[in-house]
């Protein structure tokens, strides 16, 4: 391939990689009490919001109390999903040796089982980021998100499928691990997913029982209002998570790659792919917390196992390195990124097979330290 040579020389790529490595090592060496205090304070806040929200639903006959309860519960679920669950399960706090912060023991408040998600997200997605036919997060098996994906009349429903995925995002993430699209193509067998299915059934049953049976029944005659409140909080979390994740992965200028392009990848080339295949979202401190700092998707893809609270402090440094080497650093406000994603979803519903969107020559990439990417 010539893409890498056109963009950077092999020597420049490796020097670029060393500079990115230096950032990582500096942060790892500095991890300590401030990081632990941060995540523990976020957990305390999340729990307080959930208790407050569920408590207010006991007064759901009073509309302002119901609205306040749903709002508090929605924020609690977003924090649990984005800033706590996602980041803890990436191993960002394994260094603390605290069981409650262990990536292998944590379970989040969503129907997707943590064990399934750790494989499909932590390993598959973060190892093969934006590699067609390897990274199953490209379209989640139901959407056409790249012109290199072969078009069929099925994709005329792209906008509808995206809307449904946004509304039922936690269920989409849960079913994602069954790889139904590959089963339909005969690439995988139903029997291969016995353990995956068992975990899904157990987890979904607990979540349904908690949000749609137990807590509604506890409020007696207000059960229908409580059920509606819980459903609204889950919907709010789903829409928010979908928006943030899609804006970090699928705006127009974000690049995708083929398996051939990403063979025999060096560490520097892996870093390069993460930058070219990601996008950030601008915003204030509270906004970044509510996104789990996935508004810094570039930094997250570079350093998935570093506490996300560190991403804002290194973002300018990463951007400066990109500018130094003439590399793009995709970023923009939420409304701009959302519009770009929506436009792509609509455009790719049609039999458009033009060149993949890319601001410059494409690098050659893949095969670095899997231990970091799977962390």
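The values are calculated or read from the model by the stated rules, or taken from the named source; none is laboratory data. Keep in mind that this is a model prediction, so the values were computed, not measured. Methodologically, a virtual Cβ is constructed for each residue, glycine included, from the backbone with ideal geometry; neighbour enumeration extends over all protein chains shown.
Any residue that is assigned to a helix (DSSP H, G or I), closer than 30 Å to residue 321 by Cα and touching a residue at least 60 places away in the same chain (Cβ under 8 Å) - is there at least one of those in the stretch 43-63?
no
Out of all the residues in the stretch 303-320, which are under 18 Å from residue 94 (Cβ atoms), in contact (Cβ under 8 Å) with a residue 60 or more places away in the chain and in a helix (DSSP H, G or I)?
Passing the criteria: 308, 309, 310.
Those residues that are closer than 18 Å to residue 88 by Cα and surrounded by 23 or more Cβ atoms within 10 Å (Cβ to Cβ), I need them from the stretch 276-292; list them, please.
291, 292
Might you check whether a residue that is part of a loop (DSSP other than H, G, I, E, B), at pLDDT 95 or above and closer than 24 Å to residue 28 by Cβ occurs anywhere in the stretch 347-356?
no
Since residue 295 meets every condition but one in (1) more than 29 Å from residue 55 (Cβ to Cβ); (2) surrounded by fewer than 18 Cβ atoms within 10 Å (Cβ to Cβ); (3) free of Cβ contacts under 8 Å to residues at least 60 places away in the same chain, which condition does it not meet?
For residue 295, the exception is condition (2).
Of everything in the stretch 220-254 that's within 17 Å of the chain's Cα centre (by Cα) and not in a helix (DSSP H, G or I), which residue is farthest from residue 167 (Cα to Cα)?
254
State yes or no: is residue 372 closer than 30 Å to residue 290 by Cα, outside any loop (DSSP other than H, G, I, E, B) and at pLDDT 95 or above?
No.
How many residues, within the stretch 132-148, are surrounded by 21 or more Cβ atoms within 10 Å (Cβ to Cβ) and touching a strand residue (DSSP E or B) at 6+ places or on another chain (Cβ under 9 Å)?
Matching residues across the stretch 132-148 total 1.
Identify the residue in the stretch 131-182 that is without any contact (Cβ under 8 Å) to a residue 60 or more places away in the chain, in a loop (DSSP other than H, G, I, E, B) and more than 26 Å from residue 196 (Cα to Cα) and, among all such residues, is farthest from the chain's Cα centre (by Cα).
Ranking the candidates gives 152 first.
Please verify whether the stretch 262-277 includes one or more residues that are outside any helix (DSSP H, G or I), farther than 26 Å from residue 112 by Cα and at pLDDT 95 or above.
no
Please work out if residue 13 is surrounded by 21 or more Cβ atoms within 10 Å (Cβ to Cβ) and either at pLDDT 95 or above or more than 29 Å from residue 274 (Cβ to Cβ) (or both).
Considered against the rule, which asks whether it is surrounded by 21 or more Cβ atoms within 10 Å (Cβ to Cβ) and either at pLDDT 95 or above or more than 29 Å from residue 274 (Cβ to Cβ) (or both), residue 13 comes out as no.
Taking residue 340, is it at pLDDT 95 or above and over 28 Å from residue 29 (Cα atoms)?
Values: at pLDDT 95 or above: yes; over 28 Å from residue 29 (Cα atoms): yes.
Yes; evaluated as a whole, the condition is true for this residue.
With the requirement that a residue be more than 13 Å from the chain's Cα centre (by Cα), outside any loop (DSSP other than H, G, I, E, B) and over 30 Å from residue 73 (Cα atoms), what does the stretch 109-130 give you?
127
Collect the residues in the stretch 47-71 that are crowded, with 21+ Cβ neighbours inside 10 Å and within 26 Å of the chain's Cα centre (by Cα), keeping them in residue-number order.
The answer is 53, 70.
Would you mention how many residues in the stretch 186-204 are in contact (Cβ under 8 Å) with a residue 60 or more places away in the chain and surrounded by fewer than 14 Cβ atoms within 10 Å (Cβ to Cβ)?
The number of residues fulfilling the criteria is 1.
Say whether the condition of being without any contact (Cβ under 8 Å) to a residue 12 or more places away in the chain and under 26 Å from residue 328 (Cβ atoms) is met by at least one residue in the stretch 276-284.
Checking the stretch 276-284: at least one residue is without any contact (Cβ under 8 Å) to a residue 12 or more places away in the chain and under 26 Å from residue 328 (Cβ atoms).
For the stretch 210-219, how many residues meet the condition of being in a helix (DSSP H, G or I) and crowded, with 19+ Cβ neighbours inside 10 Å?
Matching residues across the stretch 210-219 total 3.
For every residue, the table says whether it meets (1) surrounded by fewer than 18 Cβ atoms within 10 Å (Cβ to Cβ); (2) farther than 30 Å from residue 282 by Cα.
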site	(1), (2)
158	no, no
174	no, no
184	yes, yes
208	yes, yes
221	yes, yes
233	no, no
243	no, no
252	yes, no
255	no, no
